[in-house]
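Worksheet for the structure shown next.
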2 protein chains.
Amino acid sequence: MTTIRDVAERAGVSVTTASYALNGIGSIGDATRKRVLEAAEALNYHPNAFARHLKKRKTHTIGVFISRFGGAFYEEILEGIHSIILETDYELLVCPESRSTRRMLLHRQVDGAIVFDSKISDDDVLKLASGHFPIVVLDRSLQSDFILPLLLDNAQGVREAFAHLYGQGCRKIAFVTGAMDSFDNTERMATFLAEAEGRNLHVPVYPGNFTEVSGYAAAMSILQSGDLPDAVFCANDQMAMGFLRAMKEHGLHAPADIAIVGFDDIPLSRYLQPSISTIGTSRFEWGATAARQLIDFLDTESPFQPHRIPTRFLPRESSTLRRESPSAAG
Amino acid sequence: MTTIRDVAERAGVSVTTASYALNGIGSIGDATRKRVLEAAEALNYHPNAFARHLKKRKTHTIGVFISRFGGAFYEEILEGIHSIILETDYELLVCPESRSTRRMLLHRQVDGAIVFDSKISDDDVLKLASGHFPIVVLDRSLQSDFILPLLLDNAQGVREAFAHLYGQGCRKIAFVTGAMDSFDNTERMATFLAEAEGRNLHVPVYPGNFTEVSGYAAAMSILQSGDLPDAVFCANDQMAMGFLRAMKEHGLHAPADIAIVGFDDIPLSRYLQPSISTIGTSRFEWGATAARQLIDFLDTESPFQPHRIPTRFLPRESSTLRRESPSAAG
DNA sequence: TCAGTGAAGTGAAACGTTTCACTTTTAACT
DNA sequence: AGTTAAAAGTGAAACGTTTCACTTCACTGA
């Protein structure tokens, strides 16, 4: 572990001079600077990040906190964030859930954070956020000058989807929920039920948890009841996939027997057979917006600009009963 | 920014006592400990990670360095790594390419690293690695006691693929390369050419760079030459996708006109039409193995166990001319 | 009563940087 | 030669922890 002290010694200068030379600041003679740089090179010196960050109060790094990497969901958001990072001089650190006390531990190891992990409590986020530590949250609604909730406009897409099903004559529509502690699920369900209520429709609700398996299970309990709906809205695509799998096993077809709509537009949804009607957004833009706003805040202290990320319904095979017009493709 | 000094003051104890109490070590009376904990809670105190890590020489964190998040490739590796992390008390930090001096900056911010980013030079990896900083590399071959190269067994899969094509009677086989500075590409190409040579076949080589577009371009130059091969091996699936797109645009079909084989088994390859024959591995296991070995090294100093990650050929529609036996499915 | 013991608590050095405030050297003018 | 200013370089404090070595104190048992 060579330190700046070793470098200074070898170059025959003081630690101060070595520091200035290495950072290219202060007034240091060319010859001296060169000698220091050579010493550093020769000793394979790398500054200790902790000592440096302890002294300077900034790390020029933003942290992204997610629960996991899979799920075909985070990837595009991370790419969006990364695309903005590449335009700046910031670093990016992505931290998934871990057993130890990540939340506390990583605090102040980054200058700001983007949070997309329901395992992190609202309370922790509220406590951590400050003018020195702004946070963008992608999965919840929180009120603070230093927190920017950047949420999907769930209502918009759900309304479009409902209109599509209703417009096709579906009147017996069931809803399969996601995890009940999810903000998005709550909003999707509330919107859907409100739309139905507006048309005097009763919507049976089946509990799920966003997993493929829970969609399958919901389908099983519906199919076994014998009383089939003509359409089912699943709170995400994974569950729609599970639902479709169960239908196939029972010799039923979407949309002929039951029209299916999901949410998220995961990459697979387009390629399955039938392709899954779903509600999508540009996740890349979502991530990019989050990163942009966070960095703007850090650089210029400009206050956060709350807004919703637009979503839109993408009709595909799993719910389209008859093609209205030949040119109307999703 | 409340510090441990503030906590100590509020609790009416020394900084030392506060530190011991907060860390649950030393001999501190129950009443005192409680007072310290309450003070910390009241002040919303979080230890400064930099000061802590500067003093203790360990961070209990491993870093993963990748070039980007997309490409349908890293996701599963990251999930594999994460799965191991969850079993331990380590933290995980994932760091994609950035404009600033990430390599130096992150050094010592983690206890060990997993590298999968060709933009990081061999030289840097060699210099950084040491008994205090072990590195697992997933994309290159390097010799050091403190570096573990965990590479795909490219040869195995390529040989199987070649045998498959040759066994079907293909004799005029072209190769589309990946990026020339890629270790994997080099190995895939070398194996393929060696296999061909062994059967006295000449293989025309078309340059690509692993992108879908470069596969498309390679196809265009082959198709325009008018002299069609009966099979093409692409060094990865993205290029195979591009190749197939070009074929479709020319009214050609795989495998009837040209049999196509890719490499990587990206999720999409299974769902496209035709589905793409490819060479796959368990990327989840790959990541898990990397994490396991790194953590073993850190915990027990047990030396690295070099080995290759097995790959296997997955015959699908794009290359299977006739089904040999009804039961032989991939 | 007192040495001995263990529990409870503390002072201060150390980790490796950066940077403020300062001194020394050099060069440029009269 | 003497003055001044700028350039080059340095000492030491600070960042916020942890932890070694130490003190204080109350209690035990003889």
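Only the coordinates and a few stated rules stand behind these numbers; no lab work does. Note that this is a predicted model, so its numbers are computed, not measured. Counting neighbours? That spans all protein chains shown, and the Cβs are built from the backbone with ideal geometry, glycine included.
Ranked by the mean number of other Cβ atoms within 10 Å per residue, highest first, peptides A:264-274, B:288-298 order as B:288-298, A:264-274.
Round to the nearest 0.05 the FRET efficiency obtained for residue A:249 and residue A:317 when R0 = 25 Å and r is the Cβ-Cβ distance.
0.85
Beta bridges per DSSP, both residues in chain A: antiparallel share near 10 percent.
Here is how far apart the residue A:197 label points are across copies: 7.5 nm, shortest first, using a point 7 Å from Cα toward Cβ.
Expressed as a whole percent, the proportion of Cα-Cα pairs in the protein assembly as shown lying more than 31 Å apart is 62%.
Springs join every pair of Cα atoms under 10 Å in this Gaussian network model of chain B, and among B:61, B:278, B:17 the largest mean-square fluctuation is at B:17. For residue B:232, the amide hydrogen comes within under 5 Å of the amide hydrogens of B:174, B:259, B:260, B:261, counting only partners 5 or more places away or on other chains and with H modelled in the peptide plane. Across the identical copies, the label point of residue A:32 (7 Å from Cα in the Cβ direction) is separated from its matches by 4.8 nm, in order from shortest. Looking at the square roots a ≥ b ≥ c of the eigenvalues of the Cα gyration tensor of the stretch A:184-243, which shape do they give, rounded for a/c under 1.5, prolate if a/b is larger than b/c, or oblate? Oblate.
For peptide A:257-270, compute the average count of partner chain beta-carbon atoms within 10 Å of each residue's beta-carbon.
Partner Cβ neighbours, averaged per residue: 1.
Note: relative contact order over the stretch A:157-223, using C-alpha pairs below 8 Å and six or more positions apart, is 38 percent.
Residues A:221, B:318 in ascending order of nearby Cβ atoms (within 10 Å, fewest first): A:221, B:318. Pairs over the 21 Å Cα-Cα cut-off, from the set A:55/B:58; A:55/B:56; A:119/B:55: A:119/B:55. Across the copies of the chain, residue A:171 has label points (7 Å from Cα along Cα→Cβ) spaced 6.9 nm apart, shortest distance listed first.
Is any residue of the stretch B:122-146 close enough, with backbone N under 20 Å, to a label point placed 7 angstrom from the Cα of residue B:301 along the Cα-Cβ axis, and if so, which? It comes to B:129-136, B:144-146, nothing else. Rounded, prolate or oblate: which fits the stretch B:154-277, taking a ≥ b ≥ c as square roots of the Cα gyration tensor eigenvalues, rounded meaning a/c under 1.5, else prolate when a/b beats b/c? Verdict is rounded for the stretch B:154-277.
If you take every residue apart from residue B:19 with its C-beta less than 11 Å away from the C-beta of residue B:19, what net charge results, scoring Lys and Arg +1 and Asp and Glu -1?
Neighbourhood net charge equals +3.
The convex hull around the C-alpha trace of chain A, projected and averaged over every direction, spans 21.8 square nanometres. Inter-part distance, the stretch B:1-36 to the stretch A:34-90, computed on C-alpha centroids, equals 33 Å.
Treating r as the C-beta distance of residue B:285 and residue B:124 and R0 as 25 Å, the FRET efficiency rounds to 0.35. Compared with the dominant principal axis of the Cα atoms in chain B, helix B:74-85 is inclined by about 40°. Normalising by residue count, the stretch A:4-47 has a Cα convex hull of 55 Å³ per residue.
For the stretch A:161-210, what class follows from the C-alpha gyration tensor (a ≥ b ≥ c being the square roots of its eigenvalues): rounded when a/c is under 1.5, otherwise prolate if a/b is larger than b/c, else oblate? Verdict is prolate for the stretch A:161-210. For residue B:196, neighbours were defined as the other residues whose beta-carbon sits under 13 Å from its Cβ, and their charges (Lys and Arg +1, Asp and Glu -1) total +3. Across peptide A:36-49, the mean count of Cβ atoms from other chains lying within 10 Å of each residue's own Cβ comes to 3.
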